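Read through the structure below, which is laid out as structure tokens, and then see the notes.
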Amino acid sequence: MPFTVAIDGPAAAGKGTISRAVARHYGFRYLDTGLLYRVTGQRVIEGQDPVAAARAVVPGDLDRAGLRSAAVAEAASRVAAIAEVRAALLAFQRQFARLDPGAVLDGRDIGTVICPEAEVKLFVTASAGERARRRHAELSDGTTYDAVLADVKARDERDTGRSDAPLRPAPDAVIIDTTELAIDAAVAAAIHAIDARR
Ligand code: DC
């Protein structure tokens, strides 16, 4: 039986690191669903229609160059608010979730909309200040901490405030707050929660 782990939470809370570690631990497949929105956003920057761009996404697109840029992140956050874009990306994610022997998907609405039947749902979060501090430490382009914090807050507001699939924990999600948690401890908490359901 396939086993799905849904990991949601705001940007820079540690979802990706925890998801990759969990997938490695169990030998599961891993999908960073934010990349689907980033590919769509990148194509919109290139001039395509958002819905047509989302419908055209194929697995090979997830390796496209430039998906991590701030401009693409901004475009992704905007296209993610369009209901038809989200609908166009649904089947891709649901198919991936049922791959053998199991799959880890991280995003914003995996436990609430994409895989409400997931065997395990985690909601990984951290304070906005701490997430901005982590993002800022990764940058070397002179962007100030205050600018990063403002960007984190703006994206949070868009992700939680949109009417379609807003960012929020599923009622049965296990909350992991990484504000004061080292990465090893956060991964251990995730594995503990998953072991409890296996
Ligand atoms: O996780 P990320 O920064 O790569 O996500 C990029 C944008 O896509 C982010 O603003 C929220 C959106 N997103 C979403 O709405 N639903 C998902 N499952 C994943 C990402």
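Each reported figure results from applying straightforward, stated rules to the coordinates on display, with no laboratory input. Here the structure is a predicted model, which means the values were calculated and not measured. Reconstructed Cβ throughout: ideal geometry from the backbone, glycine too, with neighbour counts over all protein chains shown.
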Local charge sum around Ser127 (other residues, Cβ-Cβ under 10 Å, Lys/Arg +1, Asp/Glu -1)? -1
Going 7 Å from the Cα of Asp100 toward and past its Cβ, which residues in the stretch 14-35 have a backbone nitrogen under 20 Å from where you end up? 23-31
Once R0 is set to 35 Å, what does the formula 1/(1 + (r/R0)^6) return for the Cβ-Cβ distance between Ala52 and Ser163, expressed as a FRET efficiency to the nearest 0.05? 0.95
Multiply the residue separation of Thr17 and Ile175 by 0.36 nm, subtract the distance between their alpha-carbon atoms, and state the gained length in nm to one decimal. 55.3 nm
Residue span Glu117 to Ala83: 0.36 nm per residue of separation minus Cα-Cα distance leaves a gain in nm of 10.1 nm
Where Rh is the Kirkwood radius over the Cα pairs of the chain, the temperature 20 °C and the viscosity 1.002 mPa s, what D in µm²/s does Stokes-Einstein return? 126
Given 0.36 nm per residue, what is the gain on full extension from Ala65 to Ile191 after removing their alpha carbon distance, in nm? 42.2 nm
Among Lys15, Lys121, what is the fewest-to-most ranking by other Cβ atoms within 10 Å? Lys121, Lys15
Mean 1/r over distinct Cα pairs of the stretch 1-78, inverted to a Kirkwood Rh in Å, yields 13.7
Checking Gly142, Gly107, Gly34 against a Gaussian network model of the chain (alpha-carbon springs below 10 Å), the top fluctuating residue turns out to be Gly142
